[in-house]
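What follows is a set of notes on a single structure, which appears directly below.
The values are calculated or read from the model by the stated rules, or taken from the named source; none is laboratory data. Because the structure is a prediction, the values reported are computed rather than measured. Please note: Cβ atoms are built from the backbone with ideal geometry, for glycine as well, and neighbour counts cover all protein chains shown. To get the accessible areas, we keep the full protein, side chains included, count just its heavy atoms, and leave off ligands, DNA and RNA. Shrake-Rupley method; radii C 1.70, N 1.55, O 1.52, S 1.80 Å.
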Amino acid sequence: MNLYDSLTAELTDTVWLDTALETVARQPAAVGRLFPAAGRRCGRWALAGLPGWTVDDAARVLLLTRLPVEALATELEPLYRYGDAAEKRAVLRALPLLPASEAFEPILLDALRTNDTRLVAAALGPAAASLPDAAWRQGVLKAVFMGLPLAAVADLDERADAELATMLGGLVEERHAAGRAVAEDATALLHRLQERVS
Amino acid sequence: MRIFDPHIHMTSRTTDDYERMAAAGVRALVEPAFWLGQPRTSVGSFTDYFDSLVGWEPFRASQFGIRHHCTIALNPKEANDPRCREVLQVLPRYLEKDGVVAVGEIGYDSMTPEEDEVFAAQLALAVEHDLPAMVHTPHRDKARGTDRTIAVVRESGIDPGRVVVDHLNEVTVARVAESGCWMGFSIYPDTKMTPSRMVAILQEHGLDRVLVNSAADWGRSDPLLTLRTGEAMLAAGFTDDDVDRVLWRNPVEFYGQSKRLDVSDLLDVDATFEGNSILRGGS
Ligand SMILES: [Zn+2]
């Protein structure tokens, strides 16, 4: 099922959504007002057909995918810059579905600097493909510090390297020395990485 | 006792306060944009502040099960600084956010011509964005400031039922009651208004269109004075239902007019409020 079908399967009324999607394709500047309104107009509940996504996430991501490419270049950055936390998360979720752009990296780096678990998790999802390796490793380590489940990290095993193993090993050692626990998914990852070497 | 603090500046409060508030029964609050003590000199420091009111603070509140909403505006004190005037240009973006339930705090500080202009412009923004307005009354020359506030509200054409005039006292309450605006009372540890004086005002004026808040900020203030006022009401013979009306249903009704208030999963099954505007999502 595609994103539109997954979303509309759970909406009783799609008039606002359909109108908004048509509008942004014709008048891209309207996205400034439609993007923030998506939560109150469509809803905010968790989508049964799309685990981890909410109705407003899906509606906002669809809006971004309907923007003409030239408009994306001018609208995307301010939508993220002036977005509330839910809007910022939707921008992060949309990135892998949009034509690649230099604008992605600074957005992802901003999200990783926040202390909001929803934004950090979204930046480490499929969008993280646009992150340089050093920032990605720091992001994974930050996720462990914040207690985020590592299942939220896209391509974790494919991308994890010896450098990440060293950093993770250091964290585990520090925690053990302090008599503190480490999340099971983090120690499991470390073991997988260490096995690769041996 | 379930408490909705309709005016509190959490940016200036610690995480311990959130914890104490949650334990005292505070389950929802509105944080109006205001002055931070240190004057700002550029639009950028306002946008970063607004970002925190729609981003970081709601996240921090949610860690304690508290629903955070805010009001956005250029406050009257800083409206006098030409370097801050450009803030008016960025307000429309923020006034579209889900968590923004009014334009505020607007109104008067020193009653200058600049304040006149910015006050009127922001009442117009409230009408344009279909939002209520949250109006601060000056601490100096309060009675005349309140009269002038009511006159400006009347001229703007906004429905007075969508305006709360805040920081009232025994002297200013009657004229606001007459105007049809909502009446806001900020309960402070010493000066402006105390729980016992608040109870006397409720006995005289009734519970209609009354909002009671702590207005806690970076000054001497106490986020639990809403709870203390509820306790003082009970001690004076008001019922549990009266307290619930003042400390929960009234703010839900006032800010619910924005159609953006989301306290859906905080509502008890037997809650009596019937506006569908507070239910999440939908049309
Ligand atoms: Zn205030």
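With respect to the conditions (1) more than 19 Å from the chain's Cα centre (by Cα); (2) more than 14 Å from every other protein chain (Cβ to nearest Cβ); (3) away from the ligand (no atom under 16 Å from the Cβ), B:GLU128 lacks only one, and its number is (2). The residues listed here are A:GLY83, A:GLY43; of these, the one that is more than 18 Å from the chain's Cα centre (by Cα) and within 14 Å of another protein chain (Cβ to nearest Cβ) is A:GLY43. Scanning the stretch B:1-12 for residues that are open to solvent by 40 Å² or more (accessible area, probe 1.4 Å) and within 15 Å of the ligand (Cβ to nearest atom), which turns out nearest to the other protein chains (Cβ to nearest Cβ)? Only one residue tops the list, namely B:THR11. Give me the pairs: first residue in the stretch B:15-37 and in contact (Cβ under 8 Å) with a residue 24 or more places away in the chain and part of a loop (DSSP other than H, G, I, E, B), second residue open to solvent by 10 Å² or more (accessible area, probe 1.4 Å) and more than 16 Å from the ligand (Cβ to nearest atom), beta-carbon distance under 8 Å, and six or more apart or on different chains, which are they? Sorted first by the residue in the stretch B:15-37, then by its partner, the pairs are B:GLY25/B:MET1; B:GLY25/B:ARG2; B:GLY25/B:LEU227. Looking at the stretch B:40-122, the helices (runs of 4 or more DSSP H) lying wholly inside it that each contain 3 or more residues that are surrounded by fewer than 17 Cβ atoms within 10 Å (Cβ to Cβ) sit at B:43-54. Scan the stretch B:211-233 and give yes if some residue there is polar (S, T, N, Q), away from chain A (no Cβ under 14 Å) and either over 25 Å from B:GLY37 (Cβ atoms) or more than 16 Å from the ligand (Cβ to nearest atom) (or both), otherwise no. Within the stretch B:211-233, one or more residues are polar (S, T, N, Q), away from chain A (no Cβ under 14 Å) and either over 25 Å from B:GLY37 (Cβ atoms) or more than 16 Å from the ligand (Cβ to nearest atom) (or both). Note on the stretch A:112-153: residues that are open to solvent by less than 10 Å² (accessible area, probe 1.4 Å) and either more than 24 Å from A:VAL182 (Cβ to Cβ) or touching a strand residue (DSSP E or B) at 6+ places or on another chain (Cβ under 7 Å) (or both) amount to 1. Scanning the stretch A:12-33 for residues that are facing another protein chain (nearest Cβ under 9 Å) and modelled with pLDDT of 95 or more yields A:VAL15, A:TRP16, A:GLY32, A:ARG33. The stretch A:87-146 holds helices (runs of 4 or more DSSP H) entirely within its bounds, and those carrying 3 or more residues that are under 24 Å from B:ASP98 (Cβ atoms) and within 14 Å of another protein chain (Cβ to nearest Cβ) map to A:104-113, A:117-123. Taking the stated definitions as given, is B:VAL135 under 21 Å from B:PHE4 (Cβ atoms) and either open to solvent by less than 10 Å² (accessible area, probe 1.4 Å) or part of a strand (DSSP E or B) (or both)? Judged against the criteria, B:VAL135 is a match. Scanning the stretch B:58-110 for residues that are of a type in the set (Val, Ile, Thr) and within 27 Å of A:ALA38 (Cβ to Cβ) gives B:ILE66, B:THR71, B:ILE72, B:VAL87, B:VAL90, B:VAL100, B:VAL101, B:VAL103. Take the conditions (1) away from chain B (no Cβ under 12 Å); (2) modelled with pLDDT of 95 or more; A:ALA48 misses just one of them, which is (2).
Any residue in the stretch B:39-56 that is closer than 21 Å to B:VAL101 by Cα, within 15 Å of the ligand (Cβ to nearest atom), touching a Phe, Trp or Tyr at 6+ places or on another chain (Cβ under 8 Å) and of a type in the set (Val, Ile, Thr)? Taking every residue of the stretch B:39-56 in turn, none turns out to be closer than 21 Å to B:VAL101 by Cα, within 15 Å of the ligand (Cβ to nearest atom), touching a Phe, Trp or Tyr at 6+ places or on another chain (Cβ under 8 Å) and of a type in the set (Val, Ile, Thr). Considering only the stretch B:91-101, I want to know if a residue exists there that is within 16 Å of the ligand (Cβ to nearest atom), modelled with pLDDT of 95 or more and more than 14 Å from chain A (Cβ to nearest Cβ). So far as the stretch B:91-101 goes, no, none of its residues is within 16 Å of the ligand (Cβ to nearest atom), modelled with pLDDT of 95 or more and more than 14 Å from chain A (Cβ to nearest Cβ).
When A:ARG60, A:ARG44 are checked against the criterion of being assigned to a helix (DSSP H, G or I) and either open to solvent by 40 Å² or more (accessible area, probe 1.4 Å) or under 24 Å from A:ARG118 (Cβ atoms) (or both), a single residue qualifies: A:ARG60. Only one entry in B:ARG83, B:ARG67 is at pLDDT 95 or above and either hydrophobic (A, V, I, L, M, F, W, C) or closer than 27 Å to B:VAL246 by Cβ (or both), namely B:ARG67.
When the residues of the stretch A:154-195 are filtered to those that are among the basic types (Lys, Arg) and in contact (Cβ under 8 Å) with a residue 12 or more places away in the chain, which remaining residue is least open to solvent (accessible area, probe 1.4 Å)? The qualifying residue least open to solvent (accessible area, probe 1.4 Å) is A:ARG159. If you filter the stretch B:168-184 down to residues that are within 16 Å of the ligand (Cβ to nearest atom) and closer than 17 Å to B:PRO132 by Cα, you find that the one that is surrounded by the most Cβ atoms within 10 Å (Cβ to Cβ) is B:TRP182.
In the stretch B:15-26 there is no residue that is surrounded by 21 or more Cβ atoms within 10 Å (Cβ to Cβ) and either within 16 Å of the ligand (Cβ to nearest atom) or within 14 Å of chain A (Cβ to nearest Cβ) (or both).
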